[in-house]
Structure formats: C-alpha cells, structure tokens
Amino acid sequence: MTRRLAAGTDDSGGGWRMGRARWTLAIVGGAMAVSLSLAVGACRSRVVQQPGIYDAANEADCLPSVRLTDQHGRVLDLAVLKGKVVLADFIYTSCPGPCEVMTAQLARVARHLDGALGSKVEIVSITLDPEHDGPVQMLNFAKTHDAERKGWLFLSGAPKAVETVMAAFKVERRREPNGMIDHVIEFFLVGPDGRELRQYSPQQAAPKAVAQDVLRFAAR
C-alpha cells in the first residue's frame, strides 16, 4: 500500500511541493522549489519528536537475509548490518532531481555523523530501479553526489530482492505511464535488531537534528 504525504519545508528554507505524476525543479528568488510524486510507508505513527522526525510503528524486520550488491560489486547479505544503526533511503540513479536532493540531504547528515559513520552507523541507499541500476551506475551516482564515503552503501540487486526489502519497510515501487518511478521521500532509521526506530522527512527535518537523533540511538 502507498500513501501520499502533504509537503513541508526543508531546513534551508526551500519549499517542497508534491505532485502526482511529475516533478519540476526551479530556482525562485534564491529558494529551491521541488514538485515530485512520492510513495511513503503506510505504518508511520504520528508521534512527532521534532519537525520531520517521527517514531516508527513498523514492527517488521527491515534487515532481512536478502542478497544485494554494493557500488563496488561486492555481494552483501543485508542481515549482516544488524548490530549497527542503519539510516536507509530509496533512490534511483536516472532520477532527474528528487533523488539528487535527498542524497544531498543525506550527505549533510553524514557530515554531522563524524567518526560514527562506518563504525556505529551505516547509511544505505537502495535502488528503486534494479532493472537499470547496477554497481557501475550506483558508484557513479555516489561519486557525483559527495556520497562515496566509508559507511555509505549504494545497493542494487535482483528486482525480487529489492521488492522484498521494500516490503519490509512497508513501501512499494510503482512506475508511472511515462516511465518515471514514484519516489519514496523518506529516510528510515533501523536499530541494531533490524526494527525500525524512526522515519525522517527530508523536506522538514534538519540534517544536524537527524544526525544528533541517529547518534543518540547509536550510543545506546
């Protein structure tokens, strides 16, 4: 099941406007305006910790034993990430804008994580388009968007494997008639046991606040 989420604002003051079947990106008076389609998980609780930071209500194991491939061609069983705190999102490399904006937000979060990234925290970006994204495409995307760093995995794999992981997060991928894929405009924080702890709205949650929240869980 997918749902639509009303828009908020990002921490830089740029407005995010959500549309059903297309997106546009423009610079208006120095502010970035984005319109894009999205899909988000159906199990968000409405307990707001800070703007754009929500307690999760998803009880599923979000790190199942599923084999995916990272941006360097290494096969990874997602379950081996248990024991760390994992910050996850879903993107695709041919996305003409929204995924780039989300990755830029995550890169800002990563800078605030300092030495915890890779040791206590993993960032995981999983493709929504496994038919076209492989290690080469994911590595190029990571390098282009300041995201090729220790502790940040860009994962692709067989479509069924990707869909299994998405189902654990209570999201699904859906392709529009024009070939575009609906976006999952959400970051997910998963605990060491694989259970979801938080959901973050990249439109509303400040990167520093997200990083501080992640580090609190990593320190437990």
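Determine the gain in length on full extension of the stretch residue 72-residue 146; use 0.36 nm per residue of separation and subtract their C-alpha separation, reporting nm with one decimal.
Working: separation 74, 0.36 × 74 = 26.64 nm, distance 1.58 nm.
Length gained, residue 72 through residue 146: 25.1 nm.
Please compute one quarter of the surface area of the Cα convex hull for segment 61-217 and express it in square nanometres.
8.1 nm²
Could you tally the net charge around residue 115, taking each other residue with its Cβ under 15 Å from the Cβ of residue 115, Lys/Arg +1 and Asp/Glu -1? Mind dumping the intermediate values first?
Numbers: positive: 84, 111, 120, 149, 150; negative: 114, 122.
Summing Lys/Arg as +1 and Asp/Glu as -1 gives +3.
What length, rounded to one decimal in nm, is gained on full extension from residue 114 through to residue 174, with 0.36 nm per residue of separation minus their alpha-carbon distance?
Values: separation 60, 0.36 × 60 = 21.60 nm, distance 3.52 nm.
Stretched out fully, the residue 114 to residue 174 stretch lengthens by 18.1 nm.
Provide 183, 145 in ascending order of the number of other Cβ atoms located within 10 Å of each residue's Cβ, fewest first. Mind dumping the intermediate values first?
On the way: 183 26, 145 20.
Fewest to most other Cβ atoms nearby, the residues stand as 145, 183.
With 10 angstrom as the radius, rank 143, 120, 170 by how many other C-beta atoms surround their C-beta, starting from the fewest. Could you put the intermediate results ahead of the total?
Values: 143 11, 120 18, 170 21.
Listing 143, 120, 170 from fewest to most nearby Cβ atoms yields 143, 120, 170.
Rounded to the nearest 0.05, what FRET efficiency do residue 60 and residue 136 have when you use their Cβ-Cβ distance and R0 = 35 Å?
Values: r = 31 Å, r/R0 = 0.89.
That pair, residue 60 with residue 136, gives E of 0.65.
Since every read-out is calculated from the coordinates, none of them should be taken as a lab result. This structure is a prediction, so every number in the text was calculated from the model and none was measured. Counting neighbours? That spans all protein chains shown, and the Cβs are built from the backbone with ideal geometry, glycine included.
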